[in-house]
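In what follows, a structure is listed as structure tokens, so that the remarks can point back to it.
The values are calculated or read from the model by the stated rules, or taken from the named source; none is laboratory data. What you see is a predicted model, and the numbers here were worked out from it, not measured in a lab. Cβ coordinates were reconstructed from backbone atoms using ideal geometry, including for glycine residues, and neighbour counts include every protein chain displayed.
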Amino acid sequence: MKKLLLPFILLILINKTPAQVVFCPAGAEWNYYFNAAYGGGFENETIKYLRDTIIGADTIKLLKSSRLYADGNPVPPNFLTHIKQKGDTIFFNNFSTQYTWQILYNFAAQVNEGWHITHIGCPVNSILTSSYNVVSISSVVENNMTLKKLNMGVFTVTERFGSSGFLFLLSNKGNCHTDQYVGSLCYKDNSFGLKQFSSYPCDYSNTVGVSENELNKGLRVFPNPTNGKFTFESATSEMTNISIHNALGELVYSKPNQYSNNQIDLSFLPQGIYYLSAESDKIKKTIKVVKN
């Protein structure tokens, strides 16, 4: 009787053991879109699982992306990110972490627990620590799969999908390329299938194959370079708002565009490079302004 009872007890214990969360399986791919700092419009960002490799005793997953931050990205080359999983904790390293292992997500964290990520800030030689705390824990059913979900307050972290913001969580305001995360488009992997987060297609972008001159056709700033006072000219009156950002991506000037021509005075700002954006409901165009 004891011989029969032991396997039965083990079977019950196994069935009650929570399944380990799944992150970055074969075929994993994330699609986002970013507000482009240079040239205006939206650019697509794809983070893609490449392959597994072995480093020491660990199985490492390789991801390829051109961005590492939700904003303030370095001028995009192709970055590689290493991912490894220990239990329900996901670790990563890449350029942003100076290739030291940091916790990306801790699905084992309980309410009021969290984790920290130490990473490069701006300027590049500054080191920042970003902290994250679990507010509540729940689950969500997607594609007939039950996924664990951590509510982090202003964003969520979900099994397979990762952060409801940009995958790598980090902000790097002030670095040399100030495009900004706008939203999530899609997630897919070989076993889960596809999840779309918006009405846009996974490859959504309105700048691909379009030159900066074509994007900004109909915009004119003169004189440029300027000593501070200049005229902004738009070929259409549909551009309803004007905003100007500095090279750090910070808003320094904003006004409604009531006419096709506008006199603008930036005399109060220091010398440097600025980006004037004109917006309508359908499009945003940006032109560089140099202040001497």
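The number of residues in segment 179-231 being at pLDDT 95 or above, out of contact with any Cys (no Cβ under 8 Å at 6 or more places or on another chain) and surrounded by fewer than 17 Cβ atoms within 10 Å (Cβ to Cβ) comes to 3. Looking only at residues of segment 254-286 that are of a type in the set (Phe, Trp, Tyr) and under 25 Å from Asn206 (Cβ atoms), we find that the one that is modelled with the highest pLDDT is Tyr274. Residues that are surrounded by fewer than 17 Cβ atoms within 10 Å (Cβ to Cβ), of a type in the set (A, V, I, L, M) and more than 21 Å from Gly183 (Cα to Cα) within segment 61-101 comprise Leu62, Leu80, listed in sequence order.
Scanning segment 90-109 for residues that are in the same structural domain as Phe166 (by TED's automatic domain parsing), assigned to a strand (DSSP E or B), farther than 16 Å from Leu167 by Cβ and more than 16 Å from the chain's Cα centre (by Cα) turns up nothing.
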